[in-house]
Amino acid sequence: MYHFLQKFHSGWAYLALLLLVFAVINAIIGFTSKKEFTAKDRKISLFALIGTHTQLLVGLILYFVSPFGKAAFGQMSDAALRLTSLEHPLINLIAIALITIGWSKHKKLINSEAKFKTFAIFYGLGLILILSRIPWNLWF
């Protein structure tokens, strides 16, 4: 089960990142071009939210069934182990919390420009944090 979850987590990451990048670009374009926020824009952001939450759920399950998860806490001097056992889960949890806050805040806004700005900021920060803590050497 561990190997299946590991492959799924790695594979789903491509889709989650693609959806998140698409949502951020859509929000930036919408904000800068002052276009009207439509149902299509909402769905793009929703799919990015669902993609990242699915990635988080699989990642948390993987963390607790992984032989490297909690067992690595005694070896924080190893940078690669620290990245996969502490930094990657913690920073990505913060990133997905920012994405969720962005989704929640947009629902209270009426102005299209404010909605796009909210998505651009919160989803953009989440994307930057996620990209900063991907274990690239393990991913490719």
> Taking K and R as +1 and D and E as -1, what net charge do the other residues with C-beta under 15 Å from the C-beta of Ala120 add up to?
Replying inline: +4
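According to the square roots a ≥ b ≥ c of the eigenvalues of the Cα gyration tensor, what is the shape class of the range 14-54, taking rounded for a/c under 1.5, prolate for a/b larger than b/c otherwise, and oblate for the remainder? Spell out each step's value before the answer.
Numbers: a/c = 3.67, a/b = 1.83, b/c = 2.01.
Because a/c hits 1.5 or more and a/b fails to exceed b/c, the range 14-54 counts as oblate.
Please state the relative contact order of the chain as a whole percent: Cα pairs under 8 Å, 6+ residues apart? All intermediate terms of the calculation are to be shown ahead of the outcome.
Values: 143 pairs, mean separation 45.0, N = 140.
Relative contact order, the chain: 32 percent.
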>> Using the crude model of +1 on Lys and Arg Cβ and -1 on Asp and Glu Cβ, and no other charge, please compute the dipole size for the chain relative to its Cα centre, in debye to 20.
In response: 480 debye
> Once fully extended, how much extra length lies between Leu57 and Phe22, figured as 0.36 nm per residue of separation less the alpha-carbon to alpha-carbon distance?
Replying inline: 10.5 nm
> For the chain, what number of Lys pairs, 8 or more residues apart or on separate chains, have alpha-carbon atoms under 28 Å from each other?
Replying inline: 29
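For Leu5 and Ile128, FRET efficiency with R0 = 30 Å and r from the beta-carbon atoms, rounded to 0.05? Please list the in-between numbers first.
Numbers: r = 26 Å, r/R0 = 0.86.
For Ile128 and Leu5, the calculated efficiency is 0.70.
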> Among Tyr14, Gly124, Ala114, which residue has its Cα positioned farthest towards the positive end of the charge dipole of the chain, with +1 placed on the Cβ of Lys and Arg, -1 on the Cβ of Asp and Glu, and the dipole taken about the Cα centre?
Replying inline: Ala114
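Taking 30 Å as R0, compute the FRET efficiency from the Cβ-Cβ separation of Trp136 and Lys105 and round it to 0.05.
Working: r = 31 Å, r/R0 = 1.03.
Efficiency for this residue pair is about 0.45.
No lab work stands behind these numbers, since they all come straight from the coordinates. Since the model is a prediction, treat every value here as computed from it, not as a measurement. Quick reminder, even Gly has a Cβ in these numbers, built from the backbone with ideal geometry, and neighbours come from all protein chains shown.
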